[in-house]
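Okay, structure first, notes after.
The values are calculated or read from the model by the stated rules, or taken from the named source; none is laboratory data. Predicted model only: the values in this text are computed from it and were never measured. When we count neighbours, we look across all protein chains shown, and the Cβ atoms used for this are built from the backbone with ideal geometry, even at glycine. Each accessible area value is taken on the protein alone, full model and side chains, heavy atoms only, with ligands, DNA and RNA left out. Shrake-Rupley method; radii C 1.70, N 1.55, O 1.52, S 1.80 Å.
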Amino acid sequence: MDILIIEDEKEIAELIRQTLERESFTCYVANNGTDGLNMFYQKQPDLILLDIMLPGLDGLEVCTRIRQKPGTKDPYILMLTARGEEIDRIIGLSTGADDYLVKPFSPRELVARVRAVLRRSLRQNTPASQQHKTRHFVIDLDQHTATRKLPDQDEPEELDLTTLEFNLLATLVSYRGRVWSRTQLIDHLWGNDFFGDERVVDTHIRRLRKKIEPDPANPIFVKTVVGVGYKFEDDN
Ligand code: CA
């Protein structure tokens with residue numbers, strides 16, 4: 001598990017790095033938002049520890065940009081905040097942060113929080129059953145692959161999904177026809193300690209549709225149930 005630390009206070013950044021390297025995590029450090037964003041695209045870490053008050057691009061902006069344009073991985077983002085009032089901004093702006101940690105924190109708190117995130121990602125990857133097949137899709141939970149074969153395709157095509165998109169699709173497909181509310185999807189994908197705005201679900205649904213729907217503007221697989229949420233359909 002690779003961790004990117006974006007923190008302008010160099011002593012704090014160094015302390016975090018040492019603490020996490022003792023726990024055998026691979027760490028990268030950036031001291032401002034712009035470098036942090038560049039390093040994110042280069043290194044594709046699993047988790048980002050992101051300070052809010054940064055020179056130049058602040059942490060909230062960095063978080064928003066990563067969520068708008070994730071790389072091959074959709075990382076977990078743990079915000080580091082110094083002041084209580086910033087917590088309201090993390091919530092209010094629906095930046096897509098997964099959790100936050102208030103400074104000053106002890107090395108022990110830091111490690112506990114990082115491990116909690118790690119457990120969550122492992123849980124997402126642990127399947128209840130191994131494969132879901134529908135008319136056009138095969139979701140393989142062991143291999144973590146999703147393939148789709150549309151009527152005009154000769155061969156199944158492997159879909160290029162982020163971990164979160166894959167888990168979202170697997171969840172929807174696992175209970176075909178079931179209508180999921182945003183809250184239920186959040187509970188299922190992020191667990192009880194999700195922190196943020198439930199509209200984040202709509203963003204991920206939109207991205208998923210772009211990748212799996214023949215016409216994302218008129219979805220035939222991931223359907224919106226007005227006033228409730230979403231469901232997956234792939235009937236004969
Ligand atoms: Ca700072």
Problem - Residue match in segment 10-28 (condition: of a type outside the set (S, T, Y), within 14 Å of the ligand (Cβ to nearest atom), under 19 Å from P104 (Cα atoms) and not in a helix (DSSP H, G or I)) - result: no
Problem - Residue in segment 203-226 that is open to solvent by 80 Å² or more (accessible area, probe 1.4 Å), of a type outside the set (A, V, I, L, M) and in contact with a helix residue (DSSP H, G or I) (Cβ under 9 Å, 6 or more places away or on another chain) present - result: no
Problem - Unique match (being over 18 Å from the mean Cα position of the chain (by Cα) and open to solvent by 80 Å² or more (accessible area, probe 1.4 Å)) among Y175, Y230 - result: Y175
Exercise for the section: Please go through segment 186-236 and pick out each residue that is part of a helix (DSSP H, G or I), among the basic types (K, R) and under 18 Å from H136 (Cα atoms). Expected result: R209, K210, K211
Practice task
Pull up segment 30-55, narrow it to residues that are within 13 Å of the ligand (Cβ to nearest atom), open to solvent by 10 Å² or more (accessible area, probe 1.4 Å) and modelled with pLDDT of 95 or more, then point me to the one that is nearest to Q68 (Cα to Cα).
Solution key: N32
Fill in the blank from the handout: Of those in segment 86-103 that are out of contact with any Cys (no Cβ under 9 Å at 6 or more places or on another chain), within 16 Å of the ligand (Cβ to nearest atom) and open to solvent by less than 10 Å² (accessible area, probe 1.4 Å), the residue modelled with the highest pLDDT is L101
Practice task
Consider only pairs whose beta carbons are under 9 Å apart and that are at least six residues apart or on different chains; among these, list those whose first residue lies in segment 138-163 and is more than 19 Å from E213 (Cβ to Cβ) and free of Cβ contacts under 8 Å to residues at least 40 places away in the same chain and whose second residue is part of a loop (DSSP other than H, G, I, E, B) and β-branched (V, I, T).
Solution key: L141/T126
Completion exercise
Going through segment 59-85 in order, the residues found to be more than 17 Å from F195 (Cα to Cα) and within 9 Å of the ligand (Cβ to nearest atom) are A82
Fill in the blank from the handout: Of (1) in a helix (DSSP H, G or I); (2) modelled with pLDDT of 85 or more; (3) open to solvent by 90 Å² or more (accessible area, probe 1.4 Å), R119 fails just (2)
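Just wondering, is there one or more residues in segment 148-167 that are assigned to a loop (DSSP other than H, G, I, E, B) and under 13 Å from the mean Cα position of the chain (by Cα)?
Yes: segment 148-167 contains one or more residues that are assigned to a loop (DSSP other than H, G, I, E, B) and under 13 Å from the mean Cα position of the chain (by Cα).
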